[in-house]
1. Identify, from the list ILE157, ILE201, the residue that is assigned by TED's automatic domain parsing to the domain that holds PRO226, free of Cβ contacts under 8 Å to residues at least 40 places away in the same chain and within 35 Å of the chain's Cα centre (by Cα).
2. If you check THR202, THR192, which single one turns out to be of a type in the set (S, T, N, Q), over 30 Å from ARG145 (Cβ atoms) and in contact with a helix residue (DSSP H, G or I) (Cβ under 6 Å, 6 or more places away or on another chain)?
3. Condition first: more than 22 Å from GLU16 (Cα to Cα), in the same structural domain as ILE13 (by TED's automatic domain parsing) and in a helix (DSSP H, G or I). Can you find one or more residues in segment 71-90 that meet it?
4. Quick check on my filter: what residues within segment 54-90 are modelled with pLDDT under 90 and polar (S, T, N, Q)?
5. Pick from segment 52-67 the residues that are surrounded by 15 or more Cβ atoms within 10 Å (Cβ to Cβ) and among the β-branched types (Val, Ile, Thr): which of them is farthest from THR100 (Cα to Cα)?
6. If I filter segment 253-269 down to residues being at pLDDT 70 or above and touching a helix residue (DSSP H, G or I) at 6+ places or on another chain (Cβ under 9 Å), which single residue comes out as farthest from VAL77 (Cα to Cα)?
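The values are calculated or read from the model by the stated rules, or taken from the named source; none is laboratory data. All of these numbers come straight from a predicted model, not from anything done at the bench. Methodologically, a virtual Cβ is constructed for each residue, glycine included, from the backbone with ideal geometry; neighbour enumeration extends over all protein chains shown.
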Amino acid sequence: MSPQSRRDRLHEIIFEADTPSGKLFDVLLLIFIFLSVLVVMLESVNHFPPEWYDFFHVMEWLFTIVFTIEYILRLYVVRHSWKYALSFFGIVDLLAILPTYISLFIAGSQYLLVIRALRLLRVFRVFKLGHYLRAGTIITESLKRSRSKIFVFLFFILLSVTIIGSVMYLVEGGTNVGFSSIPKSIYWAIVTLTTVGFGDITPQTNLGQFFSAVVMILGYAVIAVPTGIVSAEFIRESQIARNTQACRFCGKEGHDDDAKHCKYCGELLNE
């Protein structure tokens, strides 16, 4: 078997779950991920005998070595390894192994290994829960397509709370110690506009209370805006048929069913 054929075979095992070997690899990987997260959580409990913590420490390093080898293999089988390294799962895979090595220099950082739980998202692909994975892809793409509109909306909200906070400072600043500065008044405006309402700062004057009621009512209208923006993109994305095939060059999924080239890197999906 040529090196390239071996590389493609490894890619099929590691990235695809449609073959028996690929599914076995992913199932074993999920078991290791679950056990590693369990070990990290148990290690934080203070009621076990001392020798148990030595066992937890050994298992933690064992899982880290296994995941390090797996991460290196993923970089090896993907033609454009840097694209996979910068993808969502590529970053999660890297963060899943870094805390153990960092713990050699910074005590306690190994508890950050609970981020490995994010890797359990692969369960949707392994057990062919494609409709759940597709729903996640639709939400992700909808948020990406809405980002410019959401940015404009957030910029408008930032201007609004600045104006509202400044007005409330003028209304309440002289009689209410809670509104002691414009930044604190802006904090109140954010809490009120988002309908959180901590209650640590409240207006005391009649005019301030009236203005506060207007801001609270406005908050309900504000909540509906980003929901409508994302919902419109969500409907459009849900009408596009996609699959879970992984690109051999960048490792990304979510291609259209009739796609012949990767939508992210442009390479041919199937030879």
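1. Just a single option satisfies the conditions, and that option is ILE201.
2. From the options THR202, THR192, the qualifying one is THR192.
3. Taking every residue of segment 71-90 in turn, none turns out to be more than 22 Å from GLU16 (Cα to Cα), in the same structural domain as ILE13 (by TED's automatic domain parsing) and in a helix (DSSP H, G or I).
4. Correct list: THR64, SER81, SER87.
5. VAL66
6. Initial filter on segment 253-269 (at pLDDT 70 or above): 259-269.
Going one step further and asking which of them are touching a helix residue (DSSP H, G or I) at 6+ places or on another chain (Cβ under 9 Å), we end up with 264-265.
Working: TYR264: 17, CYS265: 16 Å.
Among those residues, the one meeting the criterion is TYR264.
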